[in-house]
Amino acid sequence: MAAGRVPFNVSLREATRRKLQKFSELRGKPVGAGEFWDIVVLTAADEKQALAYRQQLSEKLKRKELPLGVQYHVFVDPAGPKIGNGGSTLCALRCLDKLYEDKWNSFTILLIHSGGYSQRLPSASALGKIFTALPFGNPIYQMLELKLAMYIDFPSHMNPGIVVTCADDIELYSIGEFEYIRFDKPGFTALAHPSSLTVGTTHGVFVLDPSNDKKQRDLEYRCCHCFLHKPSIEKMHQLNAVCRSGNFCPQDLARGDAVCLELDSEYVYTDSLFYMDYHSAKKLLAFYEEIGTLSCEIDAYGDFLQALGPGATMEYTTNASNVTKEESNLVDMRQRIFHLLKGTSLNVIVLNNSKFYHIGTTEEYLFHFTSDSNLKLELGLQSVAFSSILSDIPEHSGKTSCVIHSILDSGCSVAPGSVVEYSRLGPDVSIGANCIVSYSSIIPNAVVPAYSFLYSLSLKTDEHLKYSTMAFGVQDNLKNNVKTLLDIKSLQFFGVSFLSCLESWNLKVTDKLFSGSKAQFSLWTARIFPVCSSVSESVTTSLKMLNAVKSNSSFNLSSHQLISIEEMLVCKDVEDMIAYREKIYLEINLIKNKPHLEIC
């Protein structure tokens, strides 16, 4: 660590507190010109998801949880093939142009990519990753509020244009007291964070022009020779993206680890969000208007940023390793984007005292919310946040449980490493280690096995309100799929062959067992979750499913109405889920106002 520097996490904590306080002062109040974003845009995968987002935004505005006088929009990706966050960016530009015509040439705009169904963190599937609850604040902060708070200084120091970011990451940074991040150069400007080479292989990496300043500063404005998307370590070395630490102590930022790299070890600068000026945005919009519709996946980082800088080449356009499905016109589309953006500058704002956290998977979610990581200190995360708990929830060896916006009755226990959110636990309920329990109501004396995932959804089926609870292992891969019914034995449910699970549940292997396309089969499309008349009944029934698998016993599911996760998201009742959350909120406030009871 550089001599005389304040300890890394302490300076981040103080900088973060200031931003949170500044945002808190704007919540529920009309903002002045240049004080905040003119427009905040969330992208959605389809109309159902867009409706859920609009309902939640409406609730937040009604409860004065967001700054007022701002245009909040939800823009929907067009139906059809997956178009990626690059395609979603192009669609958002078209929507802005239709709504505001040429007026948006004077606006500061925040675009948050929020589409997709979060198969790696299914507790965010129904209501969206951008509305993921965080364990601090009253009322509880969600990712949206945190994003707006962390970027609170941007609008007053940027030219008209668009900042593009994602819904499931957190960027923390500390700079000098009288310094500001300025987005005021033409073309594109990206933030860069020092990271290990291993982290660089899963992110974008900047190849920066050499700096004349030999002193490492917390904030540096640099020019970028070219941008690499998820490069190999060999390629980072080959193209001079690798730096040596010397007397500087970068950290493994993508996981938010607290351990410094050794003296003279190697590191790279990785990406997070980026800004494009109005002229560049209009250039992309004109391109989109010319092609009409998209039929392939475009990445806003891999396909836009790799075309920028004097060292950019067309080599990346034929590499399809990072796309979900390679369409026939992918290479042609990438090459057209390359020629469109070639010659556009890529400026980089290096934040040497910064961290980048990703919480898009169950593993990352549990790690950052329950382990003794620096994020807790830097962001002020709590083990118990806005909850009523009549039990003692002890800490164990640095790892804690995390309870968010929930009510826990007497005798409840939540083992270390587990997160409970928006839930109600009856007397003597026991939650095992490393579990995620969300939007659930659990009857007295129930036991949730370690490594379980429970997430209850309200469903509107034939105008009747019903409930179903996703239940599986937190380490299960819901995206893993097979091509034929004969191959489903290779799918794993709670560490057990899915075929064995179906036998335990007395379910037959037929096409009807799966929803959607019959071209592939996965846990995501398996009709194995019972539809029930109450939340608690659905949780109880799903727990019986899990326990049958864990104990290698039988539980007959064939007599129940069954639904897949894919189908749950189609018929989810967002209003009822918000009402359930609101009811818990009111009860917690009621308990808080009783003098003989305490609230955390």
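Here residue 473 passes the criteria (1) crowded, with 19+ Cβ neighbours inside 10 Å; (2) in contact with a helix residue (DSSP H, G or I) (Cβ under 8 Å, 6 or more places away or on another chain); (3) small (Gly, Ala, Ser) except the one numbered (2).
Residue count for segment 370-385 under the criterion of being at pLDDT 90 or above and part of a loop (DSSP other than H, G, I, E, B): the result is 4. The set of residues from segment 195-222 being open to solvent by less than 10 Å² (accessible area, probe 1.4 Å), over 19 Å from residue 165 (Cβ atoms) and assigned to a strand (DSSP E or B) comprises just one member, 207.
Listed residues 346, 340; which is assigned by the TED database to the domain that holds residue 179, touching a helix residue (DSSP H, G or I) at 6+ places or on another chain (Cβ under 8 Å), open to solvent by 10 Å² or more (accessible area, probe 1.4 Å) and of a type outside the set (Lys, Arg)? I'd like the intermediate steps shown before the answer.
Values: 346 fails: open to solvent by 10 Å² or more (accessible area, probe 1.4 Å).
Of the residues listed, the single one that is assigned by the TED database to the domain that holds residue 179, touching a helix residue (DSSP H, G or I) at 6+ places or on another chain (Cβ under 8 Å), open to solvent by 10 Å² or more (accessible area, probe 1.4 Å) and of a type outside the set (Lys, Arg) is 340.
Residue pairs whose Cβ atoms lie under 7 Å apart, separated by 6 or more positions or on different chains, with the first residue in segment 227-244 and aromatic (Phe, Trp, Tyr) and the second open to solvent by less than 70 Å² (accessible area, probe 1.4 Å), are 227/204; 227/206; 227/305; 227/306; 227/308; 227/309; 227/346. Residues that are under 13 Å from residue 338 (Cβ atoms), open to solvent by less than 70 Å² (accessible area, probe 1.4 Å) and in a loop (DSSP other than H, G, I, E, B) within segment 312-327 comprise just one, 312.
Looking at segment 388-409, is at least one residue free of Cβ contacts under 8 Å to residues at least 24 places away in the same chain and among the small types (Gly, Ala, Ser)?
Here is the first cut: in segment 388-409, the residues free of Cβ contacts under 8 Å to residues at least 24 places away in the same chain are 390-397, 408.
This time we only want the ones that are among the small types (Gly, Ala, Ser), so: 391, 397.
The answer is yes; a qualifying residue exists.
Taking only segment 561-576 into account, find how many residues are surrounded by 17 or more Cβ atoms within 10 Å (Cβ to Cβ) and either without any contact (Cβ under 8 Å) to a residue 60 or more places away in the chain or not assigned by the TED database to the domain that holds residue 439 (or both). The qualifying residues number 4.
Of the residues screened, residue 218 is not one that is more than 10 Å from residue 350 (Cα to Cα) and in contact with a strand residue (DSSP E or B) (Cβ under 8 Å, 6 or more places away or on another chain). Among the residues of segment 138-151, is there at least one that is crowded, with 20+ Cβ neighbours inside 10 Å, in a loop (DSSP other than H, G, I, E, B) and of a type in the set (Val, Ile, Thr)? Yes, segment 138-151 contains a residue that is crowded, with 20+ Cβ neighbours inside 10 Å, in a loop (DSSP other than H, G, I, E, B) and of a type in the set (Val, Ile, Thr).
Rundown of residues vs (1) touching a residue at least 12 places away in the same chain (Cβ under 8 Å); (2) in a loop (DSSP other than H, G, I, E, B); (3) more than 23 Å from residue 117 (Cβ to Cβ), yes/no style:
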site	(1), (2), (3)
489	no, no, yes
503	no, no, yes
509	yes, yes, yes
539	yes, no, no
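For segment 531-552, taking the residues that are hydroxyl-bearing (Ser, Thr, Tyr) and crowded, with 16+ Cβ neighbours inside 10 Å, the one that is farthest from residue 495 (Cα to Cα) is identified as 536.
Of the residues making up segment 420-442, those that are in contact with a strand residue (DSSP E or B) (Cβ under 7 Å, 6 or more places away or on another chain) and open to solvent by 20 Å² or more (accessible area, probe 1.4 Å) number 3.
Note on segment 268-297: residues that are open to solvent by 30 Å² or more (accessible area, probe 1.4 Å), outside any loop (DSSP other than H, G, I, E, B) and not β-branched (Val, Ile, Thr) amount to 7.
Before we move on, is residue 416 in contact (Cβ under 8 Å) with a residue 24 or more places away in the chain and of a type outside the set (Asp, Glu)?
Working: in contact (Cβ under 8 Å) with a residue 24 or more places away in the chain: yes; of a type outside the set (Asp, Glu): yes.
Yes: the conditions hold for residue 416.
Hey, among the residues in segment 443-457 that are open to solvent by less than 10 Å² (accessible area, probe 1.4 Å) and not aromatic (Phe, Trp, Tyr), which one's farthest from residue 391 (Cα to Cα)? Can you show your working first?
If we filter segment 443-457 for residues that are open to solvent by less than 10 Å² (accessible area, probe 1.4 Å), which is where we start, we get 448, 452-457.
Still in the running and not aromatic (Phe, Trp, Tyr): 448, 452, 454, 456-457.
On the way: 448: 17, 452: 21, 454: 21, 456: 23, 457: 27 Å.
Among those that are open to solvent by less than 10 Å² (accessible area, probe 1.4 Å) and not aromatic (Phe, Trp, Tyr), it is 457.
Examine segment 393-402 for a residue that is under 22 Å from residue 17 (Cα atoms) and buried (at least 21 other Cβ atoms within 10 Å of the Cβ), and state whether such a residue exists. Break it down stepwise before answering.
Here is the first cut: in segment 393-402, the residues under 22 Å from residue 17 (Cα atoms) are 402.
Filter once more, keeping what is buried (at least 21 other Cβ atoms within 10 Å of the Cβ): 402.
Yes: one or more hits.
Taking segment 511-530 only, how many residues are surrounded by 19 or more Cβ atoms within 10 Å (Cβ to Cβ) and not in a loop (DSSP other than H, G, I, E, B)? Summing the residues that are surrounded by 19 or more Cβ atoms within 10 Å (Cβ to Cβ) and not in a loop (DSSP other than H, G, I, E, B) in segment 511-530 gives 6. Note on segment 166-185: residues that are out of contact with any helix residue (DSSP H, G or I) (no Cβ under 6 Å at 6 or more places or on another chain) and either over 23 Å from residue 14 (Cβ atoms) or without any contact (Cβ under 8 Å) to a residue 40 or more places away in the chain (or both) amount to 6.
Scanning segment 147-176 for residues that are of a type in the set (A, V, I, L, M) and within 22 Å of the chain's Cα centre (by Cα) turns up 148, 149, 150, 152, 162, 163, 164, 167, 170, 172. Among the numbered conditions (1) surrounded by 18 or more Cβ atoms within 10 Å (Cβ to Cβ); (2) not in a loop (DSSP other than H, G, I, E, B), the only one that residue 360 does not meet is (2).
For segment 161-174, which residues satisfy the criterion of being assigned to a loop (DSSP other than H, G, I, E, B) and under 25 Å from residue 115 (Cβ atoms)? So that I can check it myself, show each step before the final result.
Let us first name the residues in segment 161-174 that are assigned to a loop (DSSP other than H, G, I, E, B), namely 167-168, 174.
Once the filter is applied, which keeps residues that are assigned to a loop (DSSP other than H, G, I, E, B) and under 25 Å from residue 115 (Cβ atoms), segment 161-174 yields 167, 168.
Look at residue 300 and say whether it is among the hydrophobic types (A, V, I, L, M, F, W, C), at pLDDT 95 or above and open to solvent by 10 Å² or more (accessible area, probe 1.4 Å). Here the answer is no, as residue 300 does not meet what is asked.
The values are calculated or read from the model by the stated rules, or taken from the named source; none is laboratory data. Nothing here was measured: the structure is a model prediction, and the numbers come from that model. Don't worry about glycine lacking a Cβ; one is built from the backbone with ideal geometry, like all the others, and counts go over all protein chains shown. Surface areas here come from the heavy atoms of the whole protein model, side chains and all, with no ligands, DNA or RNA. Shrake-Rupley method; radii C 1.70, N 1.55, O 1.52, S 1.80 Å.
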